[in-house]
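Read the structure below first, then the notes.
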Amino acid sequence: MLNRDTLNDMATKISEALPEPARKMQAQFKSQVEDMIAQGLKDLHVVTQDEFDRQAEKLSKAEAKLADLEARLATLEKTDS
């Protein structure tokens, strides 16, 4: 999900575009817009850059371990032949 500051900026821009009578309810509207945006992004399964980076690091480690295990297996297969 996007960070809170980005959601706040988006909500602020939307609420500032409202006519004057609606601005009186700006805080309530801003909160509702933030919630709607957050829920929409959650439904889209959007992840943060940090989460993506952690998963990429885990994948890299798993790939390296798999390569090592494949090499060890190949060595074992050669010695059994």
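Rule-based calculations on the coordinates, nothing more; no lab input. What you see is a predicted model; the values in this text were computed from it and never measured. Every residue, glycine as well, gets a Cβ built from its backbone with ideal geometry; the counts of neighbours run over all protein chains shown.
Before moving on, here are some points about what is shown:
- Based on alpha-carbon atoms, the Kirkwood radius and the radius of gyration of the chain give Rg/Rh equal to 1.48.
- Once both labels are positioned 7 Å from their Cα atoms along Cα-to-Cβ, the gap between D68 and E51 label points is 2.9 nm.
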